[in-house]
Every structure is written in C-alpha cells, then in structure tokens.
Amino acid sequence: MIFHRTALFLFFALLASLPLSGETWYIRHDGGTRSSKEHSGQCDGKTDAPYRKGSGQHCAFSDYRYLWDDQTYNNDAWVIAGGDTVIIHDGPWRVGWDAATGKGAGYTWCLGGGTSGCSNPPIPSGTAAHHTRILGENYANCGTPEATDRSKLTQIFGGFGVWTPLNLQGAQYVDIECIEVARHSQCVFFGDPPVPAPCNRGGPKDDYDSDGVVTDVHTHDLLLQDMWIHGHVGRGVKGPIGGLVTCTRCDIAYNGGAGWDFDDGNGTPSVHATWNFNYSTIEWNGCNQAYPGPGAISCYGQSNGGYGDGVGTPMGMCLATNIDHSKFIYNTQDGLDLGHGDKGTDCPLTITNSIAYGNGGGSFKWGGNENPAVFTNNIAIGNCVRMSEPIPGQPSTFNAHLADFCRAEDALPFDFRQGGTVLFANNTIVSYAPTTFDIDCWDPSCSDSTLTFKNNIVLGYDNPKTYSLGGKPEGPGGFYFQKPIGHIVRSNNLFYGLRGLRCPTGHAGEKCENPQFVSQPRFSSEKDLDDFNFHLSPTSPARGNGVRIPEVQSDYEGKPRPSTGNYDIGASQH
C-alpha cells in the first residue's frame, strides 16, 4: 500500500513539473469575429476551422488583430497567454486602423490610441521551457536550412500611419516564424527631394507604417526565423535589446531609414545583449521600395536626407555578436556598423562565412569594445561606388538622388582597446576604397593589444572615381594605423594591387602576387566586380601556402580545411 501511494505521489509530482502545452489559436480569412466574456462574437479562435453560423463557435478568428482587440472600444488585452501558440493562415493581414480602406472589423481598431499607436501591446511572455509562438501556417516547412521560401510566408502589413505592425517591445521567450512584415504603399519619410512623394501624416492620411519591428531593453530570448522584413519608411528593425535575440534566415530589405538599427532614437543602450544573426541578409536599406515592386524607387545618402546603414548602433553600446553565413549588400551607408560599441568589456564578436559588397560606406566595421573579435572565412568587396551605376533588377532612376559614395574612405575599419585581440584569418578582401584597413586604438595606449592577421588575400583595384573621394592612383592603401598596436602577428598573406605595399614585407610566408582567382576581371566599370568567382585557379599562388589555424576548421562554403598540411590562403579551400 505504501508502495502504491509513493508511486502515485511521484507520478503527480512528475506531471506537475512538466511544462504546460498551452493553447493553440488560429487565424484565417474564413473565420469569424472574436467572442469573449464582454462581447458575443462568432468564434473562440481555438479551432482551425471556418465560421459557419451562430455565436461562440469553435472556429478561427477572421482577423489577426482579434488576438489583442475584441472590438469593445480599444480593449488591448491579448486573448492568448504566455506559452500559447498562434498559427496564422492565408494573409495578408492588416495592422492599424481600417479607415484608409473601409474594410475589416470597422473603425474601432485602436480607437483612443490614435492611428499611430494601434500596434499590438506587449506579447504575453513564455518561459525558457515553453516559448510563446506566433507562426505563419507553413512554419514547419518554410524553406531549407540555408534559405527561406518567400512564397510560403504569411504576410502582416502596417497601414494608416501605424507605428509598427510588429511590436516586440517587452517580448520575452517569444518565437516569430515564417512571417513577412511589409507595408502597402511607397510614400517616403527619408530623402530630399522625396520620391515619389512624402507621406501625408495629416488628412487624408497615407496608408503607411514607420518601422517594421520594434524592440526595447526588455526584449530578450527572442527568435525571429524565416522572416522577410521590408518596405518600411523607417527601419526594418529598431530599438535596443535586453538579452539574447536570434535572427535565422531573415531578410531585412528596402527600408527607407536603415536595416537593423539598435538605436531607438534616444541612444538607449542595450542591456546584457547578445545578437545572433545566421543565414540572413540585410540589403538595400536607405532605399525606398517600390510598391508593389520590384526594386528600389529611390535611394538616398546622408547628404540628401537619408540614412542607410545595414546595421547601426548608438554610442554607449555593448553588443555580443555572432554572425554566420550572412550577407550585407547594397546599403547606402555601411553594411555592418558596430563601430559605436564603446561600453563594457564583455562584448565578444564573431563574424564567419559571411559576405559584404556594394555598400556605400564600409563593409564590416566594429569598435574597440567588441572584444575579442574573430573575423574568419569572410568575403568583403569594398566597391563603395557601385550604387552610382545601373544595377540589374533596379529601376534606372533608383540612384538619381544618391550620393556620399565611399563616405568612410575605407573598406574594413576596426578598433582596439588596451588588451584587446583580433583574429583576422582566411578572408578574401577585394577593394578600391581609398584605404583597405583603417585601424585605431581607443585608449592612450594599446601596447598590450594583439592583431593576428594570417592567410588573407587582399586584392586592390585602381578606380579613378575614388580620386575625388580620398583615393589615389595605383590602387587603394593597405594598412593605416591611427595609433600603434602593440603586437601584430602577420604571416602567409597574399597582397596584390595595393598602393605603397612592397614585398618582401618582413613577415613570414607573405607574398605580393596575383591571386589568380577562377574569375578575376579587369576593372573598367562598376559592374565588373559583380560576378567575381572567389575560388582559386589551379595555378593560384594562394593554394597550399597558408598555415594551419586551429580556430578555422572549414572554409566559406563549409569545406573542411586539411587536418595536416597547409591551408589555402583566402576564404575558399580548393
């Protein structure tokens, strides 16, 4: 008897310790209105079925906004609880007031909050064991491990001056998957002259939104996966974070202000922040997206009222960062700008297997407090005048008001603090920016800092268009140290076409020879670098002339580096 009682007690104790499964909620266009204690609607939202007849039925909601608004005069309480799952079918789904269209549930959306303030309230937080999940219907099969299938995304969009269609301020232990976040108009906030037209913020108000996704210092343990965030007048993602945020297979594109801006406009610093950015792309930011498309209707530099960093950060920032298999391309300013990372000492940075090209400023950029920094198996093309000329797939006038090319006059700037370390290994760098590596020390001395620079290919091109932008004949400069770095460990690098760099360099295994890529064009116009093949030809002097580096076990494409013998120099292993 005692045995049975003990076993029963243990069973119930185990049952109590298991995470609750939570409710699952459904949104579909053939669903019904939301029923609640205060409102006699058609559906309870808990069954993946259309509405038939009657009230209080087991069927899906017919509007995404019913999740937090039951239409009883701006009741902004979520119907879901933390740890619940929402599956959104069909699309597109409007966020914001309906007055611009006269469709939907009526004029009561966000009544009392003003048209700009009718985003979703903070999403109920999950737990570490059981996240709250908001999922597009194809979340289980939204693409491959390397890329999202956009045709499978469920779209939400902001309109009628709404601040954001996806408010993630305060989101904790929340997953957002297989979702497209867009808008359905093409008026602009940034740029002078505004093309095609400025957004009318008065009456009649244009049907626009400001920022695609917003976060704050209370946002942490957030997963964004298989997402396309594009076409917003401001930022794609905006705001500081307060812990771990992971973006996997995200594409943040064609946002008029910037791609991902960790600055909320007030310089609020992130807190205990870690940002993982994997198999993702940030592209064409600083450019306003044509609606319904394709491409950029207008792009602007800073001197024309624009702002187009792919990733931007405020001063006072500490951001631990892990970037892998990602792209930063065709942004009107810097591709990745972590250069304001100047607070704290625990902000490690790892950038691997990633590529940047076509950006109007620098390609990859980080500050002295991003330490230790590891930069391996990357490809950087410092073709900072590329967006001055036609680009396939873009309207011929996309760059009519674009300026500030090569605005930073360097391709890869990074900085040290005293005692900081940078491992810069097995990268392929191609550039005509006036200076290739612009390196500074933020402290009075960096006598105990270390730059390890091994197995890199650096290929320079002479571009006369840069002469008025800080460049000079005979190609780009190589290394520019604004202050001395105490320990520089260089070996087995291959340089070619750099102004003022001569061999022998005095460092073991370094050569000044043509790298002989499979496809290595002569440079006569901007488009020449578009189809660069970075694999090494059979006669390349980079083959087998690198050293083994324990931190670099594979190449840019995942091919193993040899466990014995010498590595190839550069990002690609033959």
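Given labels modelled 7 Å from the Cα in the Cβ direction, how far is it in nm from Ser491 to Lys53?
About 8.4 nm separates the two model spin labels.
Give the residue from Leu494, Thr321, Thr436 lying farthest towards the positive end of the charge dipole for the chain; charges sit on Cβ (+1 for Lys and Arg, -1 for Asp and Glu) and the dipole is referred to the Cα centre.
Working it through, the farthest residue towards the positive pole turns out to be Leu494.
So if I take the centroid of the Cα atoms in segment 527-574 and the same for segment 277-293, what is the distance between those two points in Å?
30
Any number yet on Rg/Rh for the chain, C-alpha, Kirkwood? Numbers along the way, then the final one.
Details: Rg = 26.1 Å, Rh = 25.3 Å.
Ratio of gyration radius to Kirkwood radius for the chain: 1.03.
For the ranges 255-268, 45-58, what's the packing order if you count other beta-carbon atoms within 10 Å of each residue, average per peptide, and put the highest first? Before the final figure, lay out each step's value.
Values: 255-268: 23.5, 45-58: 15.1.
Order by mean packing, descending: 255-268, 45-58.
About the Cα centre, and with charges only on the beta carbon of Lys, Arg (+1) and Asp, Glu (-1), how big is the dipole of segment 405-574? Nearest 20 debye, please.
Details: 16 positive and 19 negative charges, 73 e Å.
With only Lys, Arg, Asp and Glu charged at Cβ, the dipole is about 360 debye.
Beyond 26 Å, what percent of the Cα pairs of segment 405-574 remain?
Values: 4391 of 14365 pairs.
Tail fraction, whole percent: 31.
Applying the Karplus parametrisation 6.51 cos²θ - 1.76 cosθ + 1.60 with θ = phi - 60° to the phi angles of segment 245-256, what ³J(HN,Hα) value in whole Hz is obtained for each residue in order, glycine and proline being reported as x?
After applying 6.51 cos²θ - 1.76 cosθ + 1.60, I find 10, 10, 10, 10, 6, 9, 10, 10, 9, 6, 9, x Hz.
Taking the Cα centre as origin and putting +1 on Lys and Arg beta-carbons and -1 on Asp and Glu beta-carbons, what dipole magnitude results for the chain, to the nearest 20 debye?
Values: 39 positive and 59 negative charges, 113 e Å.
Taking the Cα centre of the chain as origin, the dipole is about 540 debye.
Would you work out the relative contact order for the chain, in percent, from Cα pairs under 8 angstrom that are 6 or more residues apart? Kindly include the intermediate steps, with their values, before the conclusion.
Values: 1863 pairs, mean separation 38.9, N = 574.
After rounding, I find 7 percent.
Find the Cα radius of gyration of segment 169-268, compare it with 2.2 N^0.38 Å by division, and give the number to two decimals.
Numbers: Rg = 14.3 Å, N = 100, 2.2 N^0.38 = 12.7 Å.
Against the empirical 2.2 N^0.38 Å value, I get 1.13 for segment 169-268.
Percent relative contact order of segment 401-490, based on C-alpha pairs within less than 8 angstrom and at least six residues apart?
On the way: 208 pairs, mean separation 31.9, N = 90.
Relative contact order comes out at 35 percent.
According to the Cα gyration tensor, what semi-axes, each the square root of 5 times an eigenvalue, does the equivalent ellipsoid of segment 131-208 have, listed from largest to smallest in whole Å? Spell out each step's value before the answer.
Working: eigenvalues 184, 51, 23 Å².
Each semi-axis is the square root of five times an eigenvalue, giving 30, 16, 11 Å.
For Asn266 and Arg201, what does the FRET efficiency come to when R0 = 22 Å and r is the distance between their Cβ atoms, rounded to the nearest 0.05? Walk me through the intermediate numbers first.
Numbers: r = 21 Å, r/R0 = 0.94.
Efficiency at R0 = 22 Å is approximately 0.60.
Along its principal axes, what span do the Cα atoms of segment 294-433 show, with the longest given first and each in whole Å?
If we take the Cα atoms of segment 294-433, the spans are 48, 31, 25 Å.
Taking H as built 1.01 Å from N, whose amide H comes closer than 5 Å to the amide H of Asp251, not counting residues under 5 places away?
Those qualifying (amide H under 5 Å, at least 5 residues apart or on another chain) are Met227, Trp228, Ile229, Thr281.
Could you list the GluC sites (Glu not before Pro) in segment 136-228 that lie in coil according to DSSP, counting only those with at most 13 other Cβ atoms within 10 Å of their Cβ? The partial results should precede the final answer.
On the way: sites: Glu137, Glu146, Glu177, Glu180; in loops: Glu137, Glu146.
When the GluC sites (Glu not before Pro) of segment 136-228 are filtered for loop state and at most 13 Cβ neighbours within 10 Å, Glu146 remain.
Since every read-out is calculated from the coordinates, none of them should be taken as a lab result. Just so we're clear, the structure is a prediction, and the values are computed from it rather than from any experiment. A quick note on method: Cβ atoms are made from the backbone with ideal geometry, for glycine too, and the neighbour counts reach across all protein chains shown.
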